[in-house]
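This report refers to the structure that appears directly beneath it.
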Amino acid sequence: MNTQTPVSWTNRWTFILAATGSAVGLGNIWKFPYITGEYGGGAFVLVYLGCILLVGVPVMVAEVMAGRAARANPVDAMLGLSRDAGAPAAWGFVGLAGVVGGLLILMFYSVVAGWALDYVWQSLTGTYQAQSADSISENFASLTGSFPRQWLWQTLFVALTGGIIAAGVTRGIGRAVEILMPLLFVFLLMLLGYSWLNGDFVRGLEFMYQPDFGKLSREAVLVAMGHAFFTLSLGMGAIMAYGAYMPGEHSVGKTVITIAALDTVIALVAGMAIFPLVFANGLEPSSGPGLMFVSLPIAFANMPGGMIFGSLFFILVSIAALSSSISLIEPGVAWLERHGVKRRWGTFGAAVIGWLGGTACIYSGSFFDLLDHITANYILPLGGLLIAIFVGWIMQRQTVETAAGFENPLYFKLWTTALRYIAPVGILLVFLHSIGLLDTFMQLGA
Ligand code: PHE
C-alpha cells in the first residue's frame with residue numbers, strides 16, 4: 001500500500017466513522033464510569049464536560065486541520081507544517097512523542113481489552129449466570145489475579161490489532177464501525193432501561209449529576225482534563241493521522257462537534273447504566289477498574305437472555321476497543337512506511353513493543369497504573385498544549401483559515417480564541433493546580 005500521497009476518503013462520513021471508532025472505546029465504557037466513581041461523581045463530571053467543550057473540541061479541530069493541511073502522518077505533518085511556517089523542525093518531536101505515547105497507551109489498553117475478551121468467554125460459558133454479586137466480584141478478582149489468563153487474551157488482542165494494521169485495512173474498519181457502533185449504543189440504551197427498572201436509578205443520577213465541589217480534589221481536576229484528551233484520542237496524533245484523509249471541502253468544525261457529541265453521549269449513557277446497578281447491589285462506586293466488569297455482569301446474570309445479551313455486549317466492547325487500538329499505532333506505522341519500512345515490519349515492531357509492555361502491565365499493577373496515569377494526565381494534555389500553540393500561534397493565520405474551512409467567520413474567531421488562549425491557559429492552570437502551585441501563587445497575590 002502506498003501512503004506517499006494519501007487519497008481522500010470519498011466523503012466526510014468515512015472520516016467521522018474512523019475518528020468515532022478511534023474515540024469511542026474503553027475510555028467511554030470502562031474508564032469514564034470508574035474514574036467518575038473514584039473522583040466523587042457530579043463535580044468531576046462537570047469539570048470533564050467543561051474540558052471536552054473548552055479544550056478538547058478546539059484541539060480536535062486543530063489536529064484534524066493540521067493532518068488535512070499536511071496530508072501526512074503526524075511526524076511528517078508537524079515537520080512539513082513547521083517548515084512552511086518557517087518554524088524550527090523541532091516541532092516534529094510533537095509527532096514523535098505522539099508515536100511513543102500511542103505505544104505506551106497500547107500497553108495497558110490491550111490488557112483491559114483482554115479483560116473484555118475474557119468476559120466474552122465468561123458470558124458464553126455462563127460463568128456468572130445466577131451468581132451473587134459477591135461471587136461476580138470474585139470472578140473479576142480471579143481474572144486480574146491470573147497471569148496466564150490475562151496474558152492469553154492480551155496476546156490475542158494485540159495480534160488482532162496488528163493483523164488489521166498489517167493488512168492495511170484500517171480504513172475498512174469504517175464499515176465495521178458504521179454497523180457495530182450504533183449497535184453498541186442500542187445495547188447501552190437497553191442496559192440503561194434495565195438499570196432504570198431494576199437499579200437505584202435516582203441515586204445513580206444524583207451521583208453523576210449533583211456536583212459536590214467539596215469532593216473535587218486537585219488530582220480529580222487533572223484526571224478530568226486528562227480523560228477529555230484520552231476519550232477523544234487527542235494529543236498523540238491519532239486524529240491528525242485520520243485527518244490526513246479527510247476530503248478538503250468539508251467544514252472541520254461541524255464534523256468535530258458531531259464526533260465529540262457522540263463520544264460524550266456514549267460515556268454518559270454508560271455511566272447512567274452502571275451507577276444505578278452499583279448502588280442497588282451494594283458495590284462501591286470507587287472500587288476502581290473493575291467497576292464495569294462487576295456491575296454489568298450482575299445485570300446480565302439476572303436478566304432473561306442475559307447469556308446471549310452479555311456475550312454480544314462484550315463482543316461489541318471488544319470491537320470498540322479494537323477500532324481504538326488500531327489508531328494508537330497507525331500513526332507510527334504510517335510514518336515508518338513513508339520512510340521505507342515495510343508496513344508489515346513496522347506493525348510487527350509496534351505490536352511486539354505493545355505486547356511486551358502489556359505483559360509487564362499484567363505482571364505489575366503499579367506499572368499498569370503508572371502508564372495509565374502518565375499518558376492520560378501528562379503526555380496527551382502536553383501534546384495537546386503544543387498542538388494548540390503550534391496551530392494557534394506558529395502557523396500562518398491564512399493557511400489555518402483556509403485549511404479549517406469554517407463557513408462562518410464568527411465560528412472561526414471563536415475557535416482561534418479557544419485555541420490560542422483558553423486551551424493553553426486552561427491546560428497550564430490544571431497542571432499548576434495539580435501540583436499545588438496555583439494555590440501558592442494565589443496566596444502570594446493576596
Ligand atoms: N479514545 C480511546 C478510548 O476512549 C483511547 C485512545 C486514546 C485512542 C488515544 C487513541 C488515542 O477508548
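Per-residue Karplus couplings for region 133-147, computed as 6.51 cos²θ - 1.76 cosθ + 1.60 with θ equal to phi - 60°, are listed in order as 4, 4, 6, 5, 4, 5, 4, 5, 4, 6, 5, 6, x, 9, 4 Hz, Gly and Pro entered as x.
With all protein chains present, how much of the accessible area of the chain (probe radius 1.4 Å) comes from carbon and sulfur, to the nearest whole percent? On the chain, the fraction of accessible area on carbon and sulfur atoms equals 68 percent. Placing T347, T144 in order of accessible area, with the largest value first and a 1.4 Å probe, yields T144, T347. In region 38-187, the inverse of the mean reciprocal separation of distinct Cα atoms equals 19.4 Å; this is its Kirkwood hydrodynamic radius. The value obtained for region 12-445, namely the Cα convex hull volume divided by the number of residues, is 136 Å³ per residue. Using alpha-carbon pairs under 8 Å, 6+ residues apart, how would you state the relative contact order of region 12-445 in percent? This gives 37 percent for region 12-445. Whole-Hz Karplus values for region 30-41 come out as 9, 6, 4, x, 6, 6, 4, x, 6, 9, x, x Hz, taken residue by residue from phi with 6.51 cos²θ - 1.76 cosθ + 1.60 and θ = phi - 60°; glycine and proline positions read x. Exposure check, 1.4 Å probe, all protein chains in place: C51 carries approximately 20 Å² of accessible surface.
A Förster radius of 51 Å combined with the Cβ-Cβ distance from R344 to A446 puts the calculated FRET efficiency at roughly 0.25.
The listed residues K342, K215 rank as K342, K215 when sorted by accessible area, largest first, using a 1.4 Å probe.
When the chain is treated as a GNM with alpha-carbon contacts under 10 Å, the residue of S318, S135, S251 showing the greatest mean-square fluctuation is S135.
Under a Gaussian network description of the chain, with springs only between Cα atoms under 10 Å, the residue in F108, F147, F368 that fluctuates furthest is F147. Is any residue of region 264-292 close enough, with backbone N under 18 Å, to a label point placed 7 angstrom from the Cα of S146 along the Cα-Cβ axis, and if so, which? Under 18 Å, as judged by backbone N against the label point of S146, lie 290 of region 264-292. Placing dummy labels 7 Å off each Cα toward the beta-carbon, the span from Y378 to V186 is 4.5 nm.
Listed by chain and number, the lysines placed with their C-alpha closer than 17 angstrom to that of K254 are K413; residues fewer than eight positions away on the same chain are left out. Computed over protein heavy atoms with a 1.4 angstrom probe, the accessible surface ordering of D76, D263, largest first, is D76, D263.
Which net charge results for the neighbourhood of V24, defined as the other residues with beta-carbon distances under 15 angstrom from its beta-carbon, given Lys and Arg at +1 and Asp and Glu at -1?
On the way: positive: K31; negative: E178, D263.
Taking every other residue near V24 into account, the sum is -1.
Each label point was placed 7 Å from the Cα along the Cα-to-Cβ direction; for E138 and K413 their separation is 6.6 nm. Pop out the ³J(HN,Hα) list for region 274-287 in order, Karplus 6.51 cos²θ - 1.76 cosθ + 1.60 with θ = phi - 60°, rounded to Hz; leave Gly and Pro as x. Taking θ as phi minus 60°, the curve returns 7, 4, x, 5, 4, 6, 5, 10, x, 8, 8, x, 9, 7 Hz for region 274-287.
The values are calculated or read from the model by the stated rules, or taken from the named source; none is laboratory data. Please read all numbers here as calculations on a predicted model, not as lab measurements. We place every Cβ from the backbone using ideal geometry, glycine too, and count neighbours over all the protein chains shown. Side chains included, ligands, DNA and RNA excluded: accessible areas come from the protein's heavy atoms. Shrake-Rupley method; radii C 1.70, N 1.55, O 1.52, S 1.80 Å.
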